[in-house]
Each structure stands twice: as structure tokens, then as C-alpha cells.
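First up is the structure itself, then whatever we jot down about it.
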Amino acid sequence: MHRVAVIGGDGIGPEIIREGVKVLDAAGARFGFDIAWEEFPIGAGRYLETGELVTEDDLKDLGKFRAIYFGAIGDDRVKPGILEKGILLAIRFHFDQYINLRPIKLLDGVSTPLAGKTPEDIDFVVVRENTEDFYVGIGSRLIGTERKSLEVVRQMYQVKFELDVESDADELAYQIGVITREGATRVIRYAFELAEQRERKLTSVDKANVLTEIYGLWRDVFTEVSRDYPDVETEFNFVDAVTMWFVKNPEWYDVLVTPNMFGDIITDLGAMIQGGLGLAPGGNINPGGTSMFEPIHGSAPKYRGLGVANPLATIWAGSMLLDHIGEHEAAAAVLNGIEKSILEGVVTRDMGGQAGTADVGDWIASYLSSV
Ligand code: IPM
Ligand code: MN
């Protein structure tokens, strides 16, 4: 028996998570385990009613689970940033889910916009740092009345770059990125361990040619950790070059490790080359604590309640969840089921098919009971 927390969230979140739960239950029935699901009403609905995002009680209760299954958040009635920061990032940070694991894998039968590339070419994993960098939330907007602090920042800026910053500009904003030795070490070590289980090739992503302080530290840590893994081949790539190579030569990559913000950006690109956001799953992992599995796409409010959203990213995230809780055989079977449903043509509109959200879940669930 496993216990898993469920947050359907907003928009299409509840619909897609319902299919994920259905498929994981079917996998449990086939492979001999039960999942007790506990639902949490976290999301825009509750926020608009009560003003609560994630409460202390939520966090205390969620902390009793090894895994959270998360749909999506985001709602057009709420100003951008409130739900994202107050719910999704709050959970990632509170549970110190320092690894964001995002497989980029072109499944059989899925078409990629990259001409001539096949499933053999597109099969790598991005390990995104998930708690630091420009996501730490240190920054400020300074306007006229805060002139004094504004002056300080402006002077710092002038000294550093010898630039003549316009002196009558009365508004300024800054945001600071933070990398710690400990934060970089743990995620880079995780990536090396993963690389050892795969093709023993690890690419570090950064922008150390410009952001020399934070990514200079990142590179130092990478170099030091690499000494413990002499059989893993390593390289440094600048993030701008990575976006080029993902398109031109995706077969080059096997495991990449990246600071938080670049990881956010390159995994949307990764999602596109693996067939679209409807197919891209992710895991927010704290190996010793509470982890959370989710599709990397958002809540697509305009499709809410229509039953047309693609549940595959969520079901795939469910497969990652099963792997995480030790149900490896079931995890592999779920991914197989996804692939089979695609080959059978049971796919939603975004993939050129006619199936509804629930049709896809039903098909994979019944496939699982037949294997
Ligand atoms: C993601 C999302 C989030 C992020 C947002 C919604 C906070 O884009 O999971 O990639 O930036 O991490
Ligand atoms: Mn993103």
C-alpha cells in the first residue's frame, strides 16, 4: 500500500490528474499494489474564496507523503505570479525538492518538428536545479520615493560598469541570482549518479562567460564533483549554444545538469522536440523527503472542462512517480502503455487525433490490465 497526495489544481489540472489516477490504479491492480489517494483542494478556486494559497496545515499534511501528484495551477482571474509563486514554487521550496528531473524522449509514433530525427536521436534527461539561481526571490523595484536606495544601486552599477546611468531615471528594478556550493554540489552529484546509469556522458549548462560569479562557482563545483566519477565523460556548454544543439544535434546529449532558470527555458524547447507540451513530464525530487510529479505544461484555462486536454504528460509523470516509490515494473508498463496508445492512434487533438481526455486514460488503463 502506498499513500500519495493529489493536487488537481486549476484549469485542465483536475481532468488530467483524474486520468493519471485512473492509470496508476490500473497499474496497481496489475502489479499487486494499492494506492491510497488523498486530495488537497489547493488552487485558484480556494484562493479566490478564502485568500489561502498553501497553508501551514497543507504543508504539514503534505509532509507526511513521499509523493505528491500535481495537475496544474494558473487561472486568468488571478494576477500572474501569485499562484505560481504561492503554490508551485512554495511547495518546491518548502520540501527542498532540489532536483527537477525532466526526460526529453521522443516516443515511438510521435512526430517531432525536427526533420529527419527519430526516437533514437532524441532521448536525454535534463536535471534542473530547482531551489536556487534567479528563483530565490531576492530583488526589488525602486521608485522615486525610495530614492536613497535607488541611488545606492545606481552608484554600484556605475562603479562596476563605468556606465553613465541616466541620473533622472526614477525607477529601477533588480533581481539577484544565488548559487551555493551546497546547492550546486547536491544536484550535480545527482546528475553524475544518473549519468553513470545511462551513457556516462554529462553536459553542464551555464552562462559562465557573462554571469561569471554564480556560474563560475557552478563550474568549480562541477569540476570538483567530476573527480569522483572518472568514468563519466563531461563537457561545459553555454546555454545559448544548448538551444542551438537541441535543434541541430539532439543525439549529442544524454544527461544535462543546469541551473534553475536555464533549465526552465531549455525544457520547454525540449518538450517541443519530443512532440509538444502535452507529452512532457517532470519530477520535483527530494530523495529523502516529499517529492512532487507533474506535467511541465500549465493549466490551459481555455480548455477547462471540455475534456479535450492531452493527459499523457500527466500519465507519464505518474510513471515517474511509480519509479520513485519503487514500483519500477509498473512504471515501465505505464510508459509502454503511453507508447502503445499513441501507436494505436488513441490521441487527443493536439496530436492530430480525436480522442477525449478520458478516452486516453481508459485506453491505457485497460491496456495495463491486459499485459
Ligand atoms: C515550470 C514552470 C514554473 C517554473 C512556473 C509556473 C513557476 O514554468 O515548471 O517549468 O518556472 O519553474
Ligand atoms: Mn517552465
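The values are calculated or read from the model by the stated rules, or taken from the named source; none is laboratory data. The structure displayed is predicted, hence computed values, not measured ones. FYI the Cβ positions are ideal-geometry reconstructions off the backbone, even for glycines, and counts take in every protein chain you see. Calculation scope for accessible area: heavy atoms of the full protein, side chains included, ligands and nucleic acids excluded. Shrake-Rupley method; radii C 1.70, N 1.55, O 1.52, S 1.80 Å.
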If DNA, RNA and ligands are ignored and the probe is 1.4 Å, what is the ranking of Thr131, Thr223 by accessible area, most exposed first? Thr223, Thr131
How much net charge surrounds Ile179 when only the other residues with a Cβ under 9 Å from the Cβ of Ile179 are counted, with Lys and Arg +1 and Asp and Glu -1? -3
Computed FRET efficiency, Cβ-Cβ of Ala241 and Glu171, R0 35 Å: what is it to the nearest 0.05? 0.55
Taking a ≥ b ≥ c as the square roots of the eigenvalues of the Cα gyration tensor of region 310-371, is the shape rounded (a/c under 1.5), prolate (a/b larger than b/c) or oblate? prolate
Considering the options Gln97, Gly74, Leu256, tell which one lies farthest towards the positive end of the dipole of the chain, charges being +1 on Lys and Arg and -1 on Asp and Glu at the Cβ, about the Cα centre. Gly74
Taking Cα atoms, the helix 212-226 axis meets the longest principal axis of the chain at an angle in degrees (rounded to 10) of 50 degrees
Normalised alpha carbon radius of gyration of the chain [divisor 2.2 N^0.38 Å]: 1.04
For helix 357-370, report the angle its Cα long axis makes with the longest principal axis of the Cα atoms of the chain; keep it between 0 and 90° and round to the nearest 10°. 60 degrees
Once the whole set of protein chains is in place, how much accessible area is left on Arg181, using a 1.4 Å probe, in Å² to the nearest 10? 110 Å²
Nearest 10 degrees, 0 to 90: helix 260-273 Cα axis against the chain principal axis: 40 degrees
I'd like the FRET efficiency for Phe33 and Glu344, computed as 1/(1 + (r/R0)^6) with the beta carbon distance as r and R0 of 22 Å, rounded to 0.05. 0.25
Counting only protein chains, not ligands or nucleic acids, how are Tyr229, Tyr190, Tyr157 ordered by accessible area (probe 1.4 Å), most first? Tyr157, Tyr190, Tyr229
Amide H to amide H, which residues 5 or more places from Glu38 or on other chains are under 5 Å from it, using H placed in the peptide plane? Val4, Ala5, Val6
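For the pairs Lys105/Lys340; Lys207/Lys302; Lys60/Lys85; Lys64/Lys105; Lys22/Lys85, flag any whose C-alpha to C-alpha distance is greater than 25 Å.
As for pairs spanning more than 25 Å Cα to Cα, those are Lys207/Lys302; Lys64/Lys105; Lys22/Lys85.
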In whole angstrom, note down how far apart the Cα centers of region 198-227 and region 15-43 are. 38 Å
Cβ-Cβ FRET estimate between Met1 and Ser366, R0 fixed at 25 Å, reported to 0.05: 0.60
Accessible-area order (highest first, 1.4 angstrom probe) of the listed residues Asp123, Asp170: Asp170, Asp123
Go through 288-301, 265-278 and give me the packing order, highest mean Cβ count within 10 Å leading. 288-301, 265-278
Using a 10 Å Cβ count of at most 16 others and DSSP loop calls, identify the longest part of the chain lacking such GluC sites (Glu not before Pro). 200-343
How far, in nm, would the chain grow between Glu199 and Lys85 when pulled straight, counting 0.36 nm per residue and subtracting the alpha carbon separation? 37.5 nm
Taking 0.36 nm per intervening residue step and subtracting the Cα-Cα distance, what contour gain separates Glu224 from Thr55 on full extension? 56.9 nm
